[in-house]
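Participant: The following block contains the structure, expressed as structure tokens.
The values are calculated or read from the model by the stated rules, or taken from the named source; none is laboratory data. Computed from a predicted model, the values in this text were never measured in an experiment. We place every Cβ from the backbone using ideal geometry, glycine too, and count neighbours over all the protein chains shown.
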Amino acid sequence: MVKRVDMQTRPLHEQAATEKATAKMQAFHAETIDQIKSALGSSDVVVGMAQNPHVKNVRKALEESNVPFEYLEYGSYFSEWKRRLAIKIWSGWPTFPQVFVKGILIGGKDLTKEAIADGTLRSLLENRAAA
């Protein structure tokens, strides 16, 4: 027999507090986010970090599939963690790499490799070329 537990909703924050938090998040390493936004306007982008095998694997998979991309690197495990945190907050994606096609985050290593294998990535790139 399952016991039912009544859950209460958490009260929402006041609008002013929410706006203040949003402004702080947007200002956190804004120059890094601006670099990424600028790159997204002109190419398909992989955002990564040094010493991360998942980043290396997705770059290799894209190169083997003859998919052109721009690679942006932000530190390693030992440096620039605040910049990478700003990227994670901005994108909503918790890990690296972050692969963007047509300005849209498609995911990390596993989702990118899956998109390569099933043709979704090629389709997205072709749609970009036609646009």
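Participant: Kindly indicate which of G108, G119 is in contact (Cβ under 8 Å) with a residue 24 or more places away in the chain and either more than 23 Å from I33 (Cα to Cα) or surrounded by 15 or more Cβ atoms within 10 Å (Cβ to Cβ) (or both). Can you show your working first?
Facilitator: Numbers: G119 fails: in contact (Cβ under 8 Å) with a residue 24 or more places away in the chain.
The conditions single out G108.
Participant: If you check F78 against the conditions, is it in contact with a Gly (Cβ under 9 Å, 6 or more places away or on another chain) and closer than 18 Å to A50 by Cα? Please lay out each step first, then the result.
Facilitator: Numbers: in contact with a Gly (Cβ under 9 Å, 6 or more places away or on another chain): no; closer than 18 Å to A50 by Cα: yes.
Answer is no for this residue.
Participant: For V99, are the conditions met, namely being in contact with a Lys or Arg (Cβ under 7 Å, 6 or more places away or on another chain) and closer than 26 Å to Q26 by Cβ?
Facilitator: Values: in contact with a Lys or Arg (Cβ under 7 Å, 6 or more places away or on another chain): no; closer than 26 Å to Q26 by Cβ: yes.
No: the conditions fail for V99.
Participant: Now, a different point. Do any residues in segment 23-35 that are more than 19 Å from L72 (Cβ to Cβ) have Cβ atoms under 6 Å from those of residues that are part of a helix (DSSP H, G or I), where the two are at least six apart or on different chains, and which pairs are they?
Facilitator: Partner pairs satisfying both residue conditions: M25/I89.
Participant: Another one. Looking only at segment 78-93, which residues are closer than 19 Å to A21 by Cβ and either of a type in the set (F, W, Y) or part of a loop (DSSP other than H, G, I, E, B) (or both)?
Facilitator: First, the residues of segment 78-93 that are closer than 19 Å to A21 by Cβ: 82, 85-92.
Result: W90, G92.
Participant: For R59, are the conditions met, namely being within 19 Å of L121 (Cβ to Cβ), buried (at least 18 other Cβ atoms within 10 Å of the Cβ) and not β-branched (V, I, T)? Walk me through how you get there before you give the answer.
Facilitator: On the way: within 19 Å of L121 (Cβ to Cβ): yes; buried (at least 18 other Cβ atoms within 10 Å of the Cβ): yes; not β-branched (V, I, T): yes.
Yes; evaluated as a whole, the condition is true for this residue.
Participant: Another question about this same structure. Taking into account only those residues within segment 46-77 that are touching a strand residue (DSSP E or B) at 6+ places or on another chain (Cβ under 9 Å), in a helix (DSSP H, G or I) and in contact (Cβ under 8 Å) with a residue 12 or more places away in the chain, which is farthest from K102 (Cα to Cα)?
Facilitator: The residue in question is H54.
Participant: Now for a different question. Please enumerate the residues belonging to segment 94-106 that are closer than 15 Å to L125 by Cα and either touching a strand residue (DSSP E or B) at 6+ places or on another chain (Cβ under 8 Å) or not in a loop (DSSP other than H, G, I, E, B) (or both). Working first, answer last.
Facilitator: The first filter runs over segment 94-106 and keeps only residues closer than 15 Å to L125 by Cα, leaving 99-106.
Within segment 94-106, V99, F100, V101, I104, L105, I106 qualify.
Participant: Identify the single condition in (1) farther than 27 Å from T112 by Cα; (2) at pLDDT 90 or above; (3) of a type in the set (D, E, K, R) that E80 does not satisfy, given that it satisfies every other one.
Facilitator: Only one criterion is unmet by E80, namely (1).
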